[in-house]
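To keep things clear, I will list the structure first and then write my remarks on it.
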């Protein structure tokens, strides 16, 4: 088998991470996976040596324009574009091309949610790229259209899902997710300058304004008898990569008296066979450094008896398990490759 | 009037910040406030040029040992010592010496809480150094024993107090406080090394294990009809100074329908006359950089109608308003000086 | 005396630091110095609460447009504008207005240098704002037009001047200056984004391309018998503020055998009366944290006998002693106020 | 072939990076390379899940004590120990065991240099692990004792070697190397705390005191007709990983008039076949982010005609190409594996 892979939006941070992972993929090293078109919008025409200076292996190339013509003829096309662009591109690609969308266009399953949170035409949902959500791995195997999750929903879902699915908590979750600055993308705006973000912390899109809110609710709600209410607060912190999710919810009445050991048992069983989710030893809190550049999610769960709440924390690299790593994981599933191929679980620490 | 001020534990981060603020205090500039003994434990005997290299004005001096002998004869003594040391030192100082304790020894008003959270002998509580808590400013005026608040309780209290006092929220608050590394102090442990903390995020003392939890509950409970349950999660982030508090609670049944405008009105009135608390304009989130080195707390409040929760955020500099600045503010009150003397409200940004 | 001060370009980083220092100036606290117009270009019309969120004391105001009309009627006008704008504005202000320019327009004394490095019309040089350069303090006293130095030249000059003036070194200096990101200003370009600058180091404008090169040569050359050749390399590092200058030069033939003690003696004498330059104790290297927010320059000098070079290092805060602090220092001299008024020497450390 | 590899000192930063690279090595993925004993001193007995939390693949294991007994029976033994420990351990291992020392014990070829810089018994030099130095690759192929270079010498050597070897520069080089904090190791000392290193810059071991100085001189001197004088200044900057080397030297008299194009031609030819050294396009300066986690060195060279100096800059990851990556590269050579096996050239950027 030879597979050719294109990346639309290769010069953004998600695109650059896809390039890194694909170059290290064993099928690429074996000559079976070729990196085809790398495209960009304003960066079209730029030498890769300038656009992707972290990837010297590709320095002879040039960024091509993002359009169906340049993306045609590939077996896999990653779309790392601003939301709203994917549907149009995807419609022009053959149905058997594996199209993996890093944007939000095909994540929400409810047209009303789409209208409320994004507006504009709703293009329907695609198989959703968190294989660790029960039932989803099967749906992703062999899929030709895949919607990758948002980075915050990945952390929040993996942190809370076992508790929600087991009915341990009431469906009112509070999530504070602290994120590195690459999550804000490469757009040059004053608020994302180094001088504005180093040495500072700030919340943003607070009080239900962040578009990842309905996605978290959708994921958790899929395994809950009642709709899940999500109070979500993202916080920007001075590091390049990493998301630490701090999530909590009241213990469900039916689960009153659940202690940390019981909660851990639920999580252990839930994630027993997952190659990319690690429940840390009791007493050890996740640290984003321990997952930097890896496709791993480190999770911890406890019960705070005094406040009657279950607390779940999770660390991911927003560009790896949060985006590009999930993309390669889904590509592997779509192509029938081993799910873990090319995906480091060991982090670049410190 | 001439006042002499000693600092016990001057070579830690709180001590160093006290030195900075006192050197810039107008009474010091006018020759009326003298900086007396600067003491340390293992650092005793060290030249100030080595121990406090940020304070060249004092470079001729030497750090003295921390004992009653060296602290005697001052009008004001700041204790920036590990908890457990203050009571013993204070007992050896005259009753009319103004003793201001940066540690936890005299914060909790309930002996049972002390026993549960700290253990060992309980030394009783002193007037508590958040003048913005109604009733406390009066108690601090002229006081000779003052317990400064913890840095996390300062942020959490100022964020939530107006809502709690007005009965806007149910007494079940969730607080995630993201902190810079100076809050961990100057003790050389591996987990606080630069290589362990830069480029990383982690929660610690989670699920009700952090000793600031009962202090937050005590502060809010003072203005609530019911005891306040606090779910508190501190997070360590890679910046030297700053705490961003993200706090939320369900709207109280009696306050159902409260919207952001109504919540803002409550906060505006509550803080109308406070020189060191600024309610930011609607839509502007606090940023720790905007309070760096200042004695200011920036606050924002919103209602998230979808989740039915009130969200309050606050930014402080943990060493200024969070410790040393509060100390100088309380000293001013104790001595009858203008409360704002020597306390910058303009930050060192960016 | 009542003085009113305007700041043109108040919303940039230098402008914001001027605001901070002026608000803390004793003449402002005493009611004798009023902060007048705060102007901006694209930010004109913006509330100060949004444009200068670190300065709550001024939150009621609005940024005005940068033009002669709005700057007129002040005793002192600071120009914190991109280079090329100052001459035109200054020409429209009365001759007895104290105009202090933070930009490069009036720094170079040689028209040919100006043409070579900047191009366009040369507007002549103004008294140059490093009072520590022998002869300059006198020139600045009572001046009505002042050119503030560049941030890199301030560090390099204070590091090397005593050695050059004493003839200790040959006139071939090598300067590597590592700078925080605020030095790059507030312009939103990709290369200055947080994600591009955190966790990374890079040199820029290398090999004689940085416009501060001729300014360093000019400053040192003023005290050297021969022209001084400068090999200057600026490096961008992930911190908001601070410049660490590493400068070296071969010992002059006539000074062969000079050792560290002898070099220190020269520096000690040179800076004996300077309030803002501190020669650190032997063996202690400057650290930018120790001068953060202070108007201080910490200096160290050594002789590396093996390589036959004198090594001088210096730490400044690029926005304080490197720009705005120097501006206030010069304003004090121009107005006949105590030179040190309103200028902290104690740093915001850590 | 099956190879077993032990790491002595596995819990330090170099050890942890060796673990990462070996786990991703294709021979490991193919089942031909087994990771054997992971040893530590004070960390012996600690679960790997606590000692190496970035490597979940090894979480079932425990750190063993560092002694000959536990290191015996492996084909390859990496020594990531403080200097002074290697000779003793190596003497107890069979001669055909490949021993790769990350410390300084066997780097210097001159007993007098050893005595001067390190003192104590000199254990002789081993084949030196910079394969890019002409002649060394051949010496490393099949070697059973290998001394890895220091991280600073790696950057400085790769930056300057082509110029020195081609006689472009006089043998008087000035090197300022700005380093991330992991280079200081995992020892808990106050000066390496996050609060001391974030937001700050400082030089250390200045003026010929850093022990990497003679190593740089030795490397360059090997290709120079005259001994090379090195003025070396290391600077600590607030990032976890990365070294940016800024090196310059006067053009040699015989090379007067050399311009940037000519210098680039020399470098291009010198590094034409090197898989891990990339000469960047003209005008592009190396950035440590572009080599993070990669075994790559990015180099740039220019001539500054005005000062008559050649300027060479280089970026490496101090833990990858600077230590552990070089170790795996040398292991590959020693075992006859492809030199590039298991060594990423694409970086974890941003």
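The numbers here are math on the coordinates, done by the rules we state, and not lab data. It should be emphasised that the depicted structure is a prediction, and the values quoted were computed from it without experimental measurement. Using ideal geometry, Cβ is built from the backbone for each residue, glycine included, and neighbour counts are taken over all protein chains shown.
Using the beta-carbon distance between residue D:83 and residue B:165 and R0 = 51 Å, what value does 1/(1 + (r/R0)^6) give for FRET efficiency, to the nearest 0.05?
That pair, residue D:83 with residue B:165, gives E of 0.25.
The protein assembly as shown: percent of C-alpha pairs farther apart than 65 Å?
So the portion of pairs separated by more than 65 Å is 7 percent.
Cα gyration tensor of the stretch C:124-200, axes a ≥ b ≥ c as square roots of the eigenvalues: rounded (a/c below 1.5), prolate (a/b > b/c) or oblate? List each step's numbers first, then the result.
Numbers: a/c = 3.61, a/b = 1.49, b/c = 2.42.
Note, shape of the stretch C:124-200 comes out oblate.
Using a Förster distance of 56 Å, how high is the FRET efficiency between residue C:205 and residue B:92, based on the Cβ-Cβ distance and rounded to 0.05?
Calculated value: 0.40.
Tell me the distances, shortest first, between residue A:256 and the same position across the other copies, using label points 7 Å along Cα→Cβ, in nm to one decimal.
Once sorted, the set of distances for residue A:256 reads 2.2, 9.2, 9.4 nm.
Treating each Cα of the stretch C:42-86 as an identical point scatterer and ignoring solvent, apply the Debye formula and state log10 I(q)/I(0) at q = 0.15, 0.24, 0.31 Å⁻¹.
The calculated log intensity ratios at q = 0.15, 0.24, 0.31 Å⁻¹ are -0.45, -1.01, -1.11.
Computed over the Cα atoms of chain A, what is the convex hull's projected area averaged over all directions, in nm²?
Average projection, Cα convex hull of chain A: 17.2 nm².
Sorted from shortest, what are the nm distances separating the label point of residue A:268 from equivalent points in the other copies, each placed 7 Å from Cα along Cα to C-beta?
With the label placed 7 Å along Cα→Cβ, residue A:268 yields 5.5, 6.2, 6.7 nm.
From the helices alone, meaning DSSP H stretches of at least four residues, give me the mean residue ellipticity at 222 nm for chain D, per-run term -39500 (n - 2.57), in deg cm²/dmol to the nearest 500.
Value at 222 nm, helices only: -7000 deg cm²/dmol.
Calculate the translational D of the stretch D:198-245 in whole µm² s⁻¹ from Stokes-Einstein, where the hydrodynamic radius comes from the Kirkwood formula applied to all Cα pairs, the temperature is 4 °C and the viscosity 1.567 mPa s.
So the translational diffusion coefficient is about 106 µm²/s.
Would you mind getting me the FRET efficiency between residue C:305 and residue C:41? Use the beta-carbon distance for r and R0 = 56 Å, nearest 0.05. Mind dumping the intermediate values first?
On the way: r = 53 Å, r/R0 = 0.94.
That gives a FRET efficiency of 0.60.
Report the full-extension gain for the segment residue D:68 to residue D:50: residue separation times 0.36 nm, less the Cα-Cα distance, to one decimal in nm.
The residue D:68-residue D:50 span can extend by a further 4.1 nm.
In nm to one decimal, list the spacings between the residue B:83 label point and its equivalents in the other copies, with label points set 7 Å along Cα to Cβ, shortest first.
Result for residue B:83, in nm, nearest copy first: 4.4, 4.5, 5.6.
Over chain D, what is the relative contact order in percent, taking alpha-carbon pairs closer than 8 angstrom and at least six residues apart? Don't skip to the end; give the middle numbers.
Numbers: 807 pairs, mean separation 61.7, N = 350.
Relative CO of chain D lands at 18 percent.
Suppose we keep just the DSSP beta bridges with both residues in the stretch C:152-316; what percent of those would be antiparallel, to 5?
Once the DSSP bridges in the stretch C:152-316 are tallied, antiparallel ones form about 70 percent.
One-quarter of the Cα convex hull surface for the stretch A:152-316, in nm²? Provide the component values of the computation, followed by the final result.
Working: hull surface 39.4 nm².
That works out to 9.8 nm², a quarter of the Cα hull's surface.
Two decimals, Cα atoms only, Kirkwood Rh: what is Rg/Rh over the stretch C:263-350?
Reported Rg/Rh, Kirkwood definition of Rh: 1.03.
Can you classify the stretch C:1-94 as rounded, prolate or oblate using the Cα gyration tensor, where a ≥ b ≥ c are the square roots of its eigenvalues, rounded means a/c under 1.5, and otherwise it's prolate if a/b beats b/c and oblate if not?
Oblate.
The stretch D:59-79 to the stretch B:162-206: how many Å between their Cα centroids?
Rounded to whole Å, the Cα centres lie 38 Å apart.
What does a probe at residue D:138 reach in the stretch D:215-251, counting residues whose amide N is under 20 Å from the point 7 Å along Cα→Cβ?
D:219-225
Going by a ≥ b ≥ c, the root eigenvalues of the Cα gyration tensor, does the stretch D:38-132 fall in the rounded group (a/c under 1.5), the prolate group (a/b larger than b/c) or the oblate group?
Judged from the Cα gyration tensor, the stretch D:38-132 comes out prolate (a/c at least 1.5, a/b above b/c).
Restricting the count to DSSP beta bridges whose residues both fall in the protein assembly as shown, what percent are antiparallel, rounded to a multiple of 5?
Around 45 percent of the beta bridges assigned by DSSP in the protein assembly as shown are antiparallel ones.
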